[in-house]
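Working notes for the structure below.
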Amino acid sequence: MPRDARAHLAAGRVERETQAATALVVQRTLRAPIGCTGIGLHSGARISLRLLPGAPDSGIIFRRTDLAGGPVEIPARFDHVVDTRLNTTIGLPGQPEAVVGTVEHMMAALAGLGVDNAVVELDGAEVPAMDGSAAPFVFLIECAGTVAQDAPRQVIEVLRAVRVEEGNGFVALLPGSGQGISGPGMAIEAEIDFAAAAVRRQSRALRLTPASFKSELAPARTFGFAEEVEALRAAGLARGGSLKNAIVVSGSRVLNEGGLRFADEFVRHKMLDQVGDLALAGFALNARVVGRRPGHRLNNRVLHALFADASAWRVVPAGMGAAAGVSVRAGAGGLPAAAAAPA
Ligand SMILES: [Zn+2]
């Protein structure tokens, strides 16, 4: 091959690579509305859910259609979390009726598949439990399909380590997740440790992509302990819980007829919860997430800690590495008000 032809081809390759590196990743929403019905894990109520396309820069919004005063919209953001007791509940300040519980598995499915904007419409106070995992929501989103929108996707890049602790558990957000096929993203390392012999200590690490989320985390179900069921019900929780929507453990035994979907389904579910809880940042996180005994409360606290430190994060266009990142903190559409305010 003549030298100038080779040089020409090489130049073309460099150009294509440069284009790929600088191409803006755009936001996505659902192609069409889709719905389902199911039972609320904690309320036990039958609830209808509809997933609707959302406008660019609107983020994920939960809409209650059953309240006396008319529809109420609650932004799916960390600063709207009002309860982290066994689930993540969001609400509006000063409006005790305006709450939606158990948002985390739906949030995980939307974030895991890269849906930036959507409305989740409900005629009750809780997202239906379905089978206790995010797989039914992944199925819904894939049935509806997704479309690109005319707006660049932005992500939150973690610049400095932020860590919160409670008892012998912690969650930390660290800079750097490695370079993936579509730019930096989120990597999760989690460890759990339960007394029950069926669970014990489990740990797992995962680089989050739509494919890895769908196959490794989405099918992992929530779990509970047979010994705690009565106390939970007395506290008004787990009223809709059954072997159809949760793994139930008693000592060394899993009571569900079909057993587990993964040998380490428990830690995978905790990672799924983290994907959903951390999606309440408002944008995807470019970060390493490290957790020991992570839970909804720690997941929410670490976001508050991150946004309280203005030097710990910045907003960059998706698909760009740290070196190429352009800080667009000011005027970032969809950014939580509390996050945009100076710390
Ligand atoms: Zn969960």
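The values are calculated or read from the model by the stated rules, or taken from the named source; none is laboratory data. Because the structure is a prediction, the values reported are computed rather than measured. Positions of Cβ are generated from backbone atoms using ideal geometry, with glycine treated the same way; all protein chains shown enter the neighbour counts.
Exactly one condition in (1) within 14 Å of the ligand (Cβ to nearest atom); (2) of a type outside the set (A, V, I, L, M, F, W, C); (3) within 28 Å of A312 (Cβ to Cβ); (4) without any contact (Cβ under 8 Å) to a residue 60 or more places away in the chain is not met by R297; state its number.
Single failed check for R297: (4).
When you look at E191, is it part of a strand (DSSP E or B), touching a residue at least 60 places away in the same chain (Cβ under 8 Å), surrounded by fewer than 19 Cβ atoms within 10 Å (Cβ to Cβ) and of a type in the set (D, E), yes or no?
Answer is yes for this residue.
Six or more apart or on different chains, Cβ under 6 Å: which pairs go from a residue in region 270-285 that's modelled with pLDDT under 95 to one that's within 14 Å of the ligand (Cβ to nearest atom)? Could you list them?
What qualifies is L285/L278.
Does R63 fit the bill of being touching a residue at least 40 places away in the same chain (Cβ under 8 Å) and part of a strand (DSSP E or B)?
Spelling it out, R63 is indeed touching a residue at least 40 places away in the same chain (Cβ under 8 Å) and part of a strand (DSSP E or B).
Scan region 279-299 for residues that are hydrophobic (A, V, I, L, M, F, W, C) and in contact with a helix residue (DSSP H, G or I) (Cβ under 8 Å, 6 or more places away or on another chain) and jot them down.
Listed by number, the residues that qualify are A279, L280, A281, A284, L285, V289.
Taking the condition of being under 16 Å from N299 (Cβ atoms), modelled with pLDDT under 95 and touching a strand residue (DSSP E or B) at 6+ places or on another chain (Cβ under 8 Å), how many residues in region 84-100 meet it?
1
To keep it simple, each residue is scored yes or no on (1) of a type outside the set (A, V, I, L, M, F, W, C); (2) surrounded by 18 or more Cβ atoms within 10 Å (Cβ to Cβ); (3) within 16 Å of the chain's Cα centre (by Cα); (4) assigned to a strand (DSSP E or B).
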| site | (1), (2), (3), (4) |
| --- | --- |
| A196 | no, no, no, no |
| V199 | no, yes, no, no |
| S212 | yes, no, yes, no |
| S215 | yes, no, yes, no |
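Please determine whether any residue of region 102-117 is closer than 28 Å to A263 by Cα, of a type in the set (S, T, Y), within 16 Å of the ligand (Cβ to nearest atom) and within 16 Å of the chain's Cα centre (by Cα).
For region 102-117, residues closer than 28 Å to A263 by Cα, of a type in the set (S, T, Y), within 16 Å of the ligand (Cβ to nearest atom) and within 16 Å of the chain's Cα centre (by Cα): present.
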